[in-house]
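Undergrad: One structure is given below, represented as structure tokens, and several questions about it will come after.
The values are calculated or read from the model by the stated rules, or taken from the named source; none is laboratory data. Keep in mind that what you see is a predicted model, and the values were worked out from it rather than measured. FYI the Cβ positions are ideal-geometry reconstructions off the backbone, even for glycines, and counts take in every protein chain you see.
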Amino acid sequence: MNLHEYQGKSILRKFGVSTPEGILAFTPKEAINAALELSQKTGTTKWAVKAQIHAGGRGKGGGVKIAKSPEEVGQYTGQIIGMMLVTPQTNAQGKLVRKVLIEENIYYSGTEPTLEFYMSVLLNRQEGKNMIMYSPRGGMDIEAVAEETPEAIFTELIDPKVGLTAFQARRIAFNLGLSGNSLKNMVKFVGALYQAYIGADASLFEINPVIKAADGKIFAADAKVAIDGNALYRHPDIEDMRDFDEEDPTEVEAGMHKLNYVKLDGNVGCMVNGAGLAMATMDMIKMSGGSPANFLDVGGTADAKRVEQAFRIIMKDRNVKAILVNIFGGIVRCDRVAQGIVDAYNNIGTINIPIIVRLQGTNAEEGKALIDQSGLKVHSAIRLEDAAKLVDQVLK
């Protein structure tokens, strides 16, 4: 589950990670009031106005502005809220901005320069260990840094039996070129950041940039956070942060019906039971000349009602030109799936796209008989390869 920047920073603060003071605003008036409140609280005379969407690269799309007066804060907020913000991490249509974060300025002048670093905590799947990835070249595309100057990217693998050690935190600070109080503050920052990652059951904490302010203090100026969805039952407070407006409405609806659905860009709707079989089905469709429009796993206990809901969800995608149902009856009974297909036909109304059905396993013959006796125009197949070829034929 992805979080907004302001939500990720609220988690960071709970674990002792320093962040700029900020206030969420939904209107220009609220933004101006937030700027005045921050000025009284911190003494800041400049403010960052930051669009809150589930995507990075907001500054490149005009979603981050620096204001020099409360009036400018209101002006920028009026420009940003309601815009379709396009970034390198959104599609061409972009995402609608509904709220902004107003933050104090931390780039103030002093005796030391302000520096920007990159830092993230994530799982290194190849090593089976958590990893801190960092670079002294923050505040820019880390992908470009990795491609153009890979020597500027450092990693620190963390033994799960030991956790982050003090010498590893110090090594990170040294590699970032810090010394004195800045080094001490960075060591503390790294330790707190890793504890936030572990404590929140996160799959990613990405801070770009990490700021060394002029007085040597270290701040998380940004926060891109993803939480492991399988661990949300342990964090009801974090689960409450879920923003359905930032998610695909069809995927949200599918989740309400206990369906595992991910929308794709193809033209063949897939309804399968089991993630592995679903992936194999999508591969076979692609190899046969089609393109999967979705990943949809109805689960091992699918009944007629759930199958009907799966059909309704697939049919909402206007790009779908054919539907392939591939069910292996292990736990789920094929006759239940077949009944769901018949019910979907009868309840949804006219279905003008071809449907290919492959049923194998428990009660497969009973399921085939149900479909044959229904009089529906459904293509049947025994082998998955034959089903995929049928898909290719009906699309031509």
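Undergrad: Can you find a residue that is hydrophobic (A, V, I, L, M, F, W, C), in a strand (DSSP E or B) and modelled with pLDDT of 95 or more anywhere in region 229-241?
TA: For region 229-241, residues hydrophobic (A, V, I, L, M, F, W, C), in a strand (DSSP E or B) and modelled with pLDDT of 95 or more: absent.
Undergrad: I've got another one for you. Spot the failing condition for ALA254; the list is (1) in a helix (DSSP H, G or I); (2) free of Cβ contacts under 8 Å to residues at least 40 places away in the same chain; (3) within 29 Å of GLN89 (Cβ to Cβ), and only one is missed.
TA: The single condition ALA254 does not satisfy is (2).
Undergrad: Please find, among GLY82, GLY78, GLY74, the residue that is at pLDDT 95 or above, of a type outside the set (D, E, K, R) and not in a helix (DSSP H, G or I). Break it down stepwise before answering.
TA: Working: GLY78 fails: not in a helix (DSSP H, G or I); GLY74 fails: not in a helix (DSSP H, G or I).
Answer to the check: GLY82.
Undergrad: A further question follows. Looking only at region 126-175, how many residues end up being assigned to a loop (DSSP other than H, G, I, E, B), in contact with a helix residue (DSSP H, G or I) (Cβ under 8 Å, 6 or more places away or on another chain) and basic (Lys, Arg)? Lay out the reasoning, then the answer.
TA: Our first condition is that a residue be assigned to a loop (DSSP other than H, G, I, E, B); within region 126-175, this holds for 126-128, 136-141, 149, 153, 159-165.
After this cut, where a residue has to be in contact with a helix residue (DSSP H, G or I) (Cβ under 8 Å, 6 or more places away or on another chain) as well, the list is 136-137, 153, 163-164.
Imposing the further condition that a residue be basic (Lys, Arg) reduces the set to 137.
Number of matching residues: 1.
Undergrad: Which of the residues that make up region 354-385 are over 19 Å from MET279 (Cβ atoms) and of a type in the set (Lys, Arg)?
TA: LYS368, LYS377
Undergrad: Next question. Which residues, taken from region 205-218, are touching a Lys or Arg at 6+ places or on another chain (Cβ under 9 Å) and crowded, with 21+ Cβ neighbours inside 10 Å?
TA: Of region 205-218, the ones touching a Lys or Arg at 6+ places or on another chain (Cβ under 9 Å) are 205-208, 211, 216, 218.
Result: PHE205, ILE207, ASN208, ILE211, ILE218.
Undergrad: Take ASP222 and tell me if it is in a loop (DSSP other than H, G, I, E, B) and under 23 Å from GLY82 (Cα atoms).
TA: Working: in a loop (DSSP other than H, G, I, E, B): yes; under 23 Å from GLY82 (Cα atoms): yes.
Yes; evaluated as a whole, the condition is true for this residue.
Undergrad: Which residues, taken from region 137-163, are at pLDDT 90 or above, aliphatic (A, V, I, L, M) and in contact with a Lys or Arg (Cβ under 7 Å, 6 or more places away or on another chain)?
TA: If the condition is that a residue be at pLDDT 90 or above, aliphatic (A, V, I, L, M) and in contact with a Lys or Arg (Cβ under 7 Å, 6 or more places away or on another chain), then ALA152, LEU157, ILE158 are the ones that fit.
Undergrad: Return yes or no: is ILE32 within 24 Å of ALA231 (Cβ to Cβ) and either buried (at least 21 other Cβ atoms within 10 Å of the Cβ) or basic (Lys, Arg) (or both)?
TA: Working: within 24 Å of ALA231 (Cβ to Cβ): no; either buried (at least 21 other Cβ atoms within 10 Å of the Cβ) or basic (Lys, Arg) (or both): yes.
Criteria not met by ILE32.
Undergrad: Take GLU127 and tell me if it is touching a residue at least 24 places away in the same chain (Cβ under 8 Å) and farther than 19 Å from LEU3 by Cα.
TA: Numbers: touching a residue at least 24 places away in the same chain (Cβ under 8 Å): yes; farther than 19 Å from LEU3 by Cα: yes.
It is true that GLU127 is touching a residue at least 24 places away in the same chain (Cβ under 8 Å) and farther than 19 Å from LEU3 by Cα.
Undergrad: Can you name the condition, by its number, that SER203 falls short on among (1) within 18 Å of LEU3 (Cβ to Cβ); (2) without any contact (Cβ under 8 Å) to a residue 40 or more places away in the chain?
TA: Of the numbered conditions (1) within 18 Å of LEU3 (Cβ to Cβ); (2) without any contact (Cβ under 8 Å) to a residue 40 or more places away in the chain, the odd one out for SER203 is (2).
Undergrad: Based on what the data block shows, is ALA48 surrounded by 15 or more Cβ atoms within 10 Å (Cβ to Cβ), assigned to a loop (DSSP other than H, G, I, E, B), of a type in the set (A, V, I, L, M, F, W, C) and in contact (Cβ under 8 Å) with a residue 40 or more places away in the chain? Lay out the reasoning, then the answer.
TA: Values: surrounded by 15 or more Cβ atoms within 10 Å (Cβ to Cβ): yes; assigned to a loop (DSSP other than H, G, I, E, B): no; of a type in the set (A, V, I, L, M, F, W, C): yes; in contact (Cβ under 8 Å) with a residue 40 or more places away in the chain: yes.
Considered against the rule, which asks whether it is surrounded by 15 or more Cβ atoms within 10 Å (Cβ to Cβ), assigned to a loop (DSSP other than H, G, I, E, B), of a type in the set (A, V, I, L, M, F, W, C) and in contact (Cβ under 8 Å) with a residue 40 or more places away in the chain, ALA48 comes out as no.
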